[in-house]
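Undergrad: Below is one structure. I have some questions about it.
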Amino acid sequence: MSASGTIRAATWTGCAFGAALALAALAGFPAGSIVAPFGPNGGMHLALDAVSALFLLIVCVTGAVAALECAAPLLPVAIVALALALLAADGFTFVLAFGLASAAVWALDLRTRPALAQAACGTLFLAAAVLLLASQGMALDLRFDAIRAAPPEGARAFAVLLLVLLGAGSRLAWPLPSGPVGALLSQGMAAVAAYALVRVLFDLCGPAVPGWWGLPLLFLGAAGTVLGGLRANAEDDLLAVLAAGRMGAAGLVAVGVGVALAGRGSDLTSLSALALAGALLHAMNYAVFDCLLALCAAAVSRNAGTRALSQLGGLMRSMPGVGLGALGGAMCLAGLPLTAGFAGRWLLVQSLLADQRLGGFWLQAGFALVLAAVALGSALAAAAAVRLVPLHSGFDGLRWATPILHQSPWTRRCRDKREPAWLGPFGW
């Protein structure tokens, strides 16, 4: 067997084993813990629960699909590091694995100084958050069990919130990948970033989290959903459209986590459970059809020699299998009923509509704005999905309906200079 075949076989075997562990944990089978003799506080602590199992399943799926397109020796390293970050039961292991995964993904795809700086800053922010969580007087216990026993309070808790938002947000706003492997691994990094938000804010910070902690996530997520939809309609590169859609999906996940935090702070456990279930379901479903679309983009790039939507058409006639896959992925991206992209969005909208018991007039007005932003982002995602129609036929999609969007100064700036979408109108 060749070296590339060995790497692919090892990657697929590891991903299959990880997926089996994740499915067993999600099915309710008891999962133990492991302590490796390396690191502070007695070593590296590893454990698996339902939350980490869900995100581990996402990483295993994206890793197995990435192995179809790449056989680089760094690919198993990146997947193992992502899985290790999800299995970590202490702060040292989590930060070490997160940094290693960021470096491996950067080396596999991006290799630019801004992307390296972004990866380093995200790791440093999360490391600072872990240190604040673990500092208990003069002692420093990085084990998650010890952090749960003495959660942060007051200014220390607020600093943890800011640092986690900065650290996880730097991974959700990942730069444009140069190929399908980078797109798939970016999905894995986004899953680990979302896991960090859920693990720290819902678990390590204790049950007495104030409801207003959900507001930054609500408004940042709503902005990400709208900006991701705008970027997806402005880009001509197929991978850039998928990257923008990934940003919109991350925004929806952030909105769900924000609503869940607000409901938990107001003792509305049913609302919190509904919003968190919608966020996790959308993250899982989006990872699946994003892998499908990334594979289709790779096949189109190899056979057509370009990923420009303006130069593609008639895919269903020349490559019917890829065309059907892209059509199914586009339907999920649009969030059509009976598709994987609809269920999570529906639960998130229901949670936003069921928040009438939260706060007073101004908070209700804020929730209404977030709901409007989610609706607008979903409509823009549907329009971006319709732009993929030229892949299947000669019809020109919605290009005739979006001349203002394509010619606006901000979208030209994002498209021509490849500026990060999260800069938005502030990047002047």
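The values are calculated or read from the model by the stated rules, or taken from the named source; none is laboratory data. Note that the structure is predicted; figures quoted are calculated from it, not measured. A quick note on method: Cβ atoms are made from the backbone with ideal geometry, for glycine too, and the neighbour counts reach across all protein chains shown.
Undergrad: Does the range 259-275 hold any residues that are buried (at least 24 other Cβ atoms within 10 Å of the Cβ) and either charged (D, E, K, R) or within 15 Å of the chain's Cα centre (by Cα) (or both), and which are they?
TA: If the condition is that a residue be buried (at least 24 other Cβ atoms within 10 Å of the Cβ) and either charged (D, E, K, R) or within 15 Å of the chain's Cα centre (by Cα) (or both), then ARG264 is the only one that fits.
Undergrad: Suppose we filter VAL300, VAL288 for residues that are of a type in the set (Val, Ile, Thr), assigned by TED's automatic domain parsing to the domain that holds ASN233 and closer than 24 Å to ALA193 by Cα; which single one remains?
TA: VAL288
Undergrad: If you don't mind, another one. Could you check GLY206 against (1) over 27 Å from ALA365 (Cα atoms); (2) buried (at least 24 other Cβ atoms within 10 Å of the Cβ) and say which number it fails?
TA: It is condition (2) that GLY206 fails.
Undergrad: Mind checking which residues of the range 108-123 are free of Cβ contacts under 8 Å to residues at least 40 places away in the same chain and either in a helix (DSSP H, G or I) or touching a Gly at 6+ places or on another chain (Cβ under 9 Å) (or both)?
TA: ARG113, LEU116, ALA117, ALA120
Undergrad: Kindly list, by first and then second residue, each pair from a residue in the range 86-107 that is closer than 21 Å to ALA25 by Cα and in the same structural domain as VAL35 (by TED's automatic domain parsing) to a residue that is part of a helix (DSSP H, G or I) and of a type in the set (Asp, Glu), limited to pairs with Cβ atoms under 9 Å and residues at least 6 apart or on different chains.
TA: As it stands, the answer is ALA89/ASP145; ASP90/ASP145, since those pairs meet every condition given.
Undergrad: Whether any residue in the range 38-50 is part of a helix (DSSP H, G or I) and surrounded by fewer than 24 Cβ atoms within 10 Å (Cβ to Cβ) is what I want to check.
TA: yes
Undergrad: Among ASP145, ASP141, ASP90, which is crowded, with 21+ Cβ neighbours inside 10 Å, under 17 Å from VAL35 (Cα atoms) and among the acidic types (Asp, Glu)?
TA: Residue meeting the stated conditions: ASP90.
Undergrad: Give ALA155, ALA134 a once-over and let me know the one that is surrounded by fewer than 20 Cβ atoms within 10 Å (Cβ to Cβ) and either without any contact (Cβ under 8 Å) to a residue 12 or more places away in the chain or in contact with a Leu (Cβ under 9 Å, 6 or more places away or on another chain) (or both).
TA: Sole residue among the options that is surrounded by fewer than 20 Cβ atoms within 10 Å (Cβ to Cβ) and either without any contact (Cβ under 8 Å) to a residue 12 or more places away in the chain or in contact with a Leu (Cβ under 9 Å, 6 or more places away or on another chain) (or both): ALA155.
Undergrad: Here's something else I'd like to know. GLY329: over 20 Å from GLY63 (Cβ atoms) and assigned to a helix (DSSP H, G or I), yes or no?
TA: Criteria not met by GLY329.
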